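To keep things clear, I will list the structure first and then write my remarks on it.
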Amino acid sequence: MTLLNAVIFLPLVAFLIIIAFPKDNLNGIRRFSFLASTVIFLLSLGLIGPYWFANPGKFVFETDVPWVNSPLIRYHVAIDGISLWLIILSTLLTPICVLVSWRSIEKHVKEFFAFLLLLEFGLIGVFCALDLFLFFVFWEVSLVPMYFLIGIWGHERRIYATIKFFLYTMAGSALMLVAIIYLYNQSGTFDYAKILAGLQGGTIASTYPEQLLLFLAFFIAFAIKVPLFPLHTWLPDAHVEAPTAGSVMLASVMLKMGTYGILRFAVPMFPIAARNCAGWIVTLAIIGIVYGALVAMVQPNMKKLVAYSSVSHLGFVVLGVFTFTQQGFDGAVYQMLNHGISTGALFILVGFLYERRHSLEIADYGGVATPAPKLSTAFMITMLASIGLPMLNNFIGEYLVLQGASLVYFRWTVFAALGVILSACYMLWLYQRVFFGRASEDLTHHMPDLNFREYAIIVPLILLMVWMGTFTQSFIPPISASNAVLLGPIDARHDIHVRNVQPGKIAVQPKKELADAR
Amino acid sequence: MPANFLPTGIDYLRFLPEIIMIIAGTLIMLVEPLLGEKKQVGYGFITMTGFIAALVAAIVANNVPGTSFSNMLIVDGFATFFRVLVIGVGILSLLSSSQYLRREHAASAEYYALLLFSVTGQCVMVTANELIMIFIGLEISSIATYVLAGYLRDDKRNNEAALKYFLLGSFATAFLLYGIAWIYGTTGSTNLMFIRTALLTPGSQRGVILAGTAAALMFVGFAFKVSAAPFQIWAPDVYQGAPAPVTLFMSAGPKAAAFAVFLRVFMTAFQPITSRWEPFVWVSALLTMVIGNFAALTQTNVKRMLAYSSIAHAGYVMVAIAAHNQIGIAAAMFYLAAYAFMNIGAFAVVTHFSRRGEKFVNIEDLAGLGWKQPVTAALFSIFLLSLIGVPLTGGFFGKFYIFKAALDANLVWLAVLGLLNSAVAAYYYLRIMVVMYMKEPGEATISLQPLSAGIRTTLWIAALGTLVLGIFPSVLLNFAIRSSALIK
């Protein structure tokens, strides 16, 4: 029983305990949920240790036991530097979401917190499963609680939004399941490492068309989740209709399931197909960056604006991965965490505004800074982090991605950088319309400043933004080391192609100009 | 072969479950005039005892595998699997019926006797080693089921359902019989192994063509019984019209038994001409899935929706048959077991909810059930998630094994289309969950009585089964794989 297993299964235990709570004991349920999720968070901090720096790039906390005999499905979990931070992101945001929902969720309180913890279980599982089948199981399991969170506690059009969300993901995962079974039938195992070795050694899926189709099957499933333009249409609906905690978990962690999947599975397993498709995918990512930003600019609804800004930010992550450079990979992972913190915080702050004024329309606000200066300050810092101001977290991620892109193809950098400029436009304009100007009598009356609970929610996130923007070295080394392992033979510095003699075997040759450029 | 027509003790032992159930059924018919219609509990008790004794006998019989009655019947793992399954379905149907019958003032002894006879017929089907026995078993099961479908004789829809089922069913059985006659004419035998040997003998091309025609005719008969396209038209009307607990029974028991004989005949007797029937099954599987799922999308009646969903699920099993490999047989077996649990669960909720005269069978009527009766709704959600195929439920592993078998057999496109189909299916199952949890309670939910003991037991057993198959599938799958080697 490793610490990791405790972190994975405690949310499930907490879920069951909450189910057993009497329905009317609202405060008991709230307190227990907070306590349980905080304990899980503290335990997950125990996953950070000296080995990340001494022995980088390895999988640790490994558990590998059989689950189903035939076909051989194993409960195989372990974490590397990428999984580590994503797990901690999930465990950090769960208690925060409990606090966020403390007062704002009034009906069916027990079920709400139960689903929140079930969601945490699924999310943590996704980030540490090293058996493709197990990964798929967690992937689908996380879908169900989110479906209910949006559908039961959401706003007016919640049912439309939640069904759309569920069906989009289901359609993608159907393709992924076919690909997973196909790989199993060729290799006789679901084990990630073995399949990876088999693919690299050319013993499974050895022809290029096979690899291309398999890559696309995985990639489309993940791209829907990211979401990559033009598969993003479920996202604004889901975000706008979800309750605040749902939006936070969705934006901060669930979208990362997609990018994590691309980084962990799609790209390393099918590097040649990934490299060949990179041009198309990067084009879509850049379209997403610019399109998301432009659409965000004209949104009259705050949540929709933040949702479209997510489309834009996630485009950077995809761009980073498909540069196949160390910088691009590092930037992508860092950007996943940054987006989790800063967009999560933005949704929380929008939620605070909603709780006070019961409206998400920008037009209903104006002059909030006068009655609520502290709230405005918190929003300001978060917004600046989201834009990518130096010394705050997003800057580092975006910079690394852009640098990675420039190493490969400078034109990409130019277009992607447009997104940074545009993000400043829509965010600052939003801030101006909501917080500046003269506050109406009615608004002043309904706009108390942050209370203690809200401080407890937002201050840790702001501290993290600053920390991640200044002391990057506290976070990057494990990520870098793991990325270096993933990147290995598929680095953009190498030419890779299908060798004729032995089909599918990846041949690695240093590419002259890029190798020299370092 | 010197025919030994005198059965021995072991023959009876292998045939014991059927004997027990026939005795129990006959006993009920006999004591009814003595006890009168009121002794519901007594008939229920006899039926349950009969089922449980038969279940035990079926398990005991598995220890003495082999053929009996001059090769007419065969007891092997495959037969035992399906015997246990159909008897289990019988038990759960019995548990969910009693309250319904009381509610409709239709309690009488015949219902129990018919249930026993129908299950007996299914047991004969799954143990048959011979086409005539298959036919006899099918008829025993079908005729009892026809009567059950029209059990509430004053109800118009019941009558319509029974009549449709009977007329179309008889027609399909005629096809089957014609196919049997044809194969007898071609090979000179009705024994499955003998037919197989005859077809394997390098002979004239004409024999293969004749056998292919016979296979096609029998395919029509079986496809009707399992409601596979293009012979599925009867299913929605019959499922909707029949009394809810009978629908529960029909959609699980007779269907599983029909699939069992489908598998046995096509995987043993017609195995030598696989390449000829495989394309038909392929097309039929795809059509069944598409028709079932897309028709279910627009339904407003829960029973009719579940009827179309049951067509779609038959399509998934057809995929396993199209794969025509051993893992496919095991996958079909596993799927039918998982399907029995989740579908019985779903129909038990419908039985409970529909009230007298089946007044509340629209999806909208379920509004707010999640908050009015959280346990019922939570269990229903488990069944629905399993029908969608969400992991950690039996339905997921069932689908997984089936599509794995299809990919093993290189049916890549069938697998892709099938899985995309199951994504479409998610929509209509989710709609029920939406209504249960995301709508305010309506008249139907507010006036709902608590669960009766029988239905509660059914629901918990079904939910437990669904989850166990979803979390520890090896329990059942290992047995299915061991017994899927039909040809010995």
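Filtering the range B:427-474 to residues that are aliphatic (A, V, I, L, M) and within 21 Å of the chain's Cα centre (by Cα) leaves B:Ile455, B:Leu459, B:Ile461, B:Ala462, B:Ala463, B:Leu464, B:Leu467, B:Val468, B:Leu469. If the condition is being in a helix (DSSP H, G or I) and β-branched (Val, Ile, Thr), then the range B:141-194 contributes B:Ile143, B:Thr145, B:Val147, B:Thr173, B:Ile180, B:Ile183, B:Thr186, B:Thr187.
What about A:Leu72, is it within 14 Å of chain B (Cβ to nearest Cβ) and of a type outside the set (Val, Ile, Thr)? The answer is yes for A:Leu72.
State whether the residues of the range A:292-315 include one that is of a type in the set (Val, Ile, Thr) and within 14 Å of the chain's Cα centre (by Cα).
Within the range A:292-315 (the criterion being of a type in the set (Val, Ile, Thr) and within 14 Å of the chain's Cα centre (by Cα)), the answer is yes, since at least one residue qualifies.
Of the helices (runs of 4 or more DSSP H) lying entirely inside the range B:387-488, those carrying at least 1 residues that are within 12 Å of chain A (Cβ to nearest Cβ) and either crowded, with 24+ Cβ neighbours inside 10 Å or among the polar types (S, T, N, Q) (or both) are B:394-408, B:412-438, B:453-471, B:474-483.
Is there a residue being surrounded by 24 or more Cβ atoms within 10 Å (Cβ to Cβ), in contact with a Gly (Cβ under 6 Å, 6 or more places away or on another chain), small (Gly, Ala, Ser) and at negative phi anywhere in the range A:232-246? The answer is yes, given that some residue of the range A:232-246 is surrounded by 24 or more Cβ atoms within 10 Å (Cβ to Cβ), in contact with a Gly (Cβ under 6 Å, 6 or more places away or on another chain), small (Gly, Ala, Ser) and at negative phi.
Here A:Leu132 fulfils each of the conditions (1) surrounded by fewer than 24 Cβ atoms within 10 Å (Cβ to Cβ); (2) more than 17 Å from the chain's Cα centre (by Cα); (3) more than 10 Å from chain B (Cβ to nearest Cβ) apart from (1). Set side by side, the residues A:Val68, A:Val109, A:Val100 differ, and just one is within 20 Å of the chain's Cα centre (by Cα) and at pLDDT below 90, which is A:Val100.
Scanning the range B:23-45 for residues that are of a type in the set (A, V, I, L, M, F, W, C) and surrounded by 20 or more Cβ atoms within 10 Å (Cβ to Cβ) gives B:Ala24, B:Ile28. Scanning the range B:277-301 for residues that are among the hydroxyl-bearing types (Ser, Thr, Tyr) and over 20 Å from the mean Cα position of the chain (by Cα), we see that the one that is nearest to B:Gly418 (Cα to Cα) is B:Thr298. Taken residue by residue, the range A:222-236 has no member that is part of a helix (DSSP H, G or I), of a type in the set (D, E, K, R) and closer than 21 Å to A:Val420 by Cβ.
Which residues, taken from the range B:220-238, are under 16 Å from B:Phe166 (Cβ atoms) and part of a loop (DSSP other than H, G, I, E, B)? Result: B:Ser227, B:Phe231, B:Ile233. Residues in the range A:170-213 that are within 30 Å of B:Tyr437 (Cα to Cα) and facing chain B (nearest Cβ under 9 Å): A:Met170, A:Ala171, A:Gly172, A:Ser173, A:Ala174, A:Leu175, A:Leu177.
The one condition from (1) closer than 20 Å to A:Leu464 by Cβ; (2) assigned to a helix (DSSP H, G or I) that A:Met391 does not meet is (2).
Of all the residues in the range B:367-418, those that are closer than 22 Å to A:Met146 by Cα and of a type in the set (A, V, I, L, M) number 13.
Scanning the range A:102-125 for residues that are among the aliphatic types (A, V, I, L, M), in contact with a Lys or Arg (Cβ under 9 Å, 6 or more places away or on another chain) and within 14 Å of chain B (Cβ to nearest Cβ) returns a single hit, A:Val109. Within the range A:413-431, the set of residues being in contact with a Leu (Cβ under 7 Å, 6 or more places away or on another chain) and either farther than 19 Å from A:Gly328 by Cβ or not aliphatic (A, V, I, L, M) (or both) comprises A:Thr413, A:Leu422, A:Tyr426, A:Leu430.
Okay, residues lined up against (1) among the hydroxyl-bearing types (Ser, Thr, Tyr); (2) buried (at least 23 other Cβ atoms within 10 Å of the Cβ):
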{"site": "B:Ile52", "(1), (2)": "no, no"}
{"site": "B:Val56", "(1), (2)": "no, no"}
{"site": "B:Val64", "(1), (2)": "no, no"}
{"site": "B:Asn71", "(1), (2)": "no, no"}
{"site": "B:Ala79", "(1), (2)": "no, yes"}
{"site": "B:Tyr112", "(1), (2)": "yes, yes"}
{"site": "B:Ser118", "(1), (2)": "yes, yes"}
{"site": "B:Ile134", "(1), (2)": "no, yes"}
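Taking the stated definitions as given, is A:Leu450 part of a loop (DSSP other than H, G, I, E, B), under 21 Å from A:Ile362 (Cα atoms) and under 29 Å from the mean Cα position of the chain (by Cα)? Considered against the rule, which asks whether it is part of a loop (DSSP other than H, G, I, E, B), under 21 Å from A:Ile362 (Cα atoms) and under 29 Å from the mean Cα position of the chain (by Cα), A:Leu450 comes out as yes.
Taking the residues in the range B:367-381 that are within 12 Å of another protein chain (Cβ to nearest Cβ) and within 25 Å of the chain's Cα centre (by Cα) as candidates, determine which candidate is surrounded by the most Cβ atoms within 10 Å (Cβ to Cβ). Applying the filter and picking the extreme gives B:Ala377.
Looking across A:Ile18, A:Ile40, one residue alone is at pLDDT 80 or above and out of contact with any Lys or Arg (no Cβ under 8 Å at 6 or more places or on another chain). It is A:Ile40. Among the residues of the range A:137-157 satisfying the criterion of being in contact (Cβ under 8 Å) with a residue 24 or more places away in the chain and within 7 Å of chain B (Cβ to nearest Cβ), which is nearest to the chain's Cα centre (by Cα)? Looking at residues that are in contact (Cβ under 8 Å) with a residue 24 or more places away in the chain and within 7 Å of chain B (Cβ to nearest Cβ), I get A:Glu140.
Across the range A:58-69, the number of residues qualifying as farther than 16 Å from A:Phe9 by Cβ and at the interface with chain B (Cβ under 10 Å from one of its Cβ atoms) comes to 3. Based on this model, can you work out whether A:Leu99 counts as within 13 Å of chain B (Cβ to nearest Cβ), touching a residue at least 12 places away in the same chain (Cβ under 8 Å), surrounded by fewer than 23 Cβ atoms within 10 Å (Cβ to Cβ) and of a type in the set (A, V, I, L, M, F, W, C)? The answer is no for A:Leu99. Keeping to the range B:227-243, report how many residues are surrounded by fewer than 24 Cβ atoms within 10 Å (Cβ to Cβ) and more than 22 Å from B:Met289 (Cβ to Cβ). Count: 0. Within the option set B:Leu248, B:Leu210, B:Leu263, being part of a helix (DSSP H, G or I), farther than 23 Å from B:Gln326 by Cα and at pLDDT 90 or above holds for one residue only, B:Leu248. Scanning the range B:285-302 for residues that are surrounded by fewer than 24 Cβ atoms within 10 Å (Cβ to Cβ) and in a helix (DSSP H, G or I) turns up B:Leu286, B:Leu287, B:Val290, B:Ile291, B:Phe294, B:Ala295, B:Leu297.
The values are calculated or read from the model by the stated rules, or taken from the named source; none is laboratory data. Values in this document were obtained by computation on a predicted structure and should not be read as measured data. Glycine gets a Cβ as well: all are built from the backbone with ideal geometry, and neighbour counts include every protein chain shown.
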